[in-house]
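Right, one structure below, let's go through it.
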């Protein structure tokens, strides 16, 4: 399954991936936020999400896991702000 839509100033692509889901949020400047919740992601066993953002790293790591949807939404909002 692959689905692409545009909301506000972001293009969102949704894919099924490793018995779960993978979303890619991209702005008009090429900044991307990858959000996953699948068999191998950090936090999946608790229904939480893992992210990777093209514009930052997290405590010397490329990914940040064990995030609630509210915490992921904060990064989506940050991405929206980068493209304005």
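Counted residue by residue at 0.36 nm each, then reduced by the alpha carbon distance between them, the extension gain from residue 28 to residue 7 reaches 6.4 nm. In angstrom, the C-alpha Rg and Dmax of segment 7-84 are 12.1, 36.
Using a simple spin-label model with pseudo-atoms 7 Å out from Cα toward Cβ, residue 69 and residue 16 lie 2.0 nm apart. Between 50, 59, 71, the residue with the greatest mean-square fluctuation in the GNM of the chain (Cα pairs under 10 Å linked by springs) is 59.
Springs join every pair of Cα atoms under 10 Å in this Gaussian network model of the chain, and among 12, 36, 51 the largest mean-square fluctuation is at 12. Over the chain, DSSP H runs of length four or greater, each weighted -39,500 (n - 2.57), average out per residue to a 222 nm ellipticity of -5500 deg cm²/dmol. Neighbour counts of C-beta atoms inside 10 Å place 60, 77 in the sequence 60, 77, starting with the fewest. Mean-square fluctuations from a GNM of the chain, with a 10 angstrom spring cutoff on Cα atoms, peak among 70, 47, 20 at 70.
No lab work stands behind these numbers, since they all come straight from the coordinates. Keep in mind that this is a model prediction, so the values were computed, not measured. Counting neighbours? That spans all protein chains shown, and the Cβs are built from the backbone with ideal geometry, glycine included.
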